[in-house]
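*Asks:* Mind having a look at this structure? Questions to follow.
Only the coordinates and a few stated rules stand behind these numbers; no lab work does. This one's a predicted model, so the numbers in the text were calculated from it and none came from an experiment. In this analysis, Cβ positions are derived from the backbone assuming ideal geometry, glycine residues included, and neighbour counts consider all displayed protein chains.
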Amino acid sequence: MTHYSVADAQAQLPRLLEAARRGEDVYIAQTNPDAAIKLVWTPLEPRAVWDMEWLDAHRVRPRRGRISTARAINEMKDENPR
């Protein structure tokens, strides 16, 4: 278990993250020793297939056909009057 000040942690953050990844206890504290942040490494789980299917089903598709930039800006202004 190692304790670091905020300034030391800023200077050594990549090394501290690597130590947390290896399972070491890493604590970052300010001057108050009663409160500290413990770095905990949690591997991310791969996205489920159904998440990607949901995202694909709800994706906003571009409109068919091209419009000029000026027309697009005018349409946006009409949608959001001040």
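*Asks:* Evaluate the charge dipole of the chain about its Cα centre and quote only its size in Debye, nearest 20, assuming +1 on the Cβ of each Lys and Arg and -1 on the Cβ of each Asp and Glu. Intermediate results must be reported in sequence, preceding the final value.
*Replies:* Working: 13 positive and 12 negative charges, 151 e Å.
That gives the chain a dipole magnitude of about 720 debye.
*Asks:* Pick out, from TYR27, ALA7, PRO43, the residue whose Cα sits farthest towards the positive end of the charge dipole of region 1-50, with +1 on the Cβ of Lys and Arg and -1 on the Cβ of Asp and Glu.
*Replies:* PRO43
*Asks:* With only alpha-carbon atoms counted, please give the Rg and Dmax of the chain, in Å.
*Replies:* Taking only Cα atoms of the chain, I get Rg and Dmax of 24.4, 63 Å.
*Asks:* Using the count of nearby Cβ atoms within 10 Å as a rough guide to exposure, how do HIS58, HIS3 rank from fewest to most?
*Replies:* Numbers: HIS58 7, HIS3 13.
With the sparsest Cβ surroundings first, the list reads HIS58, HIS3.
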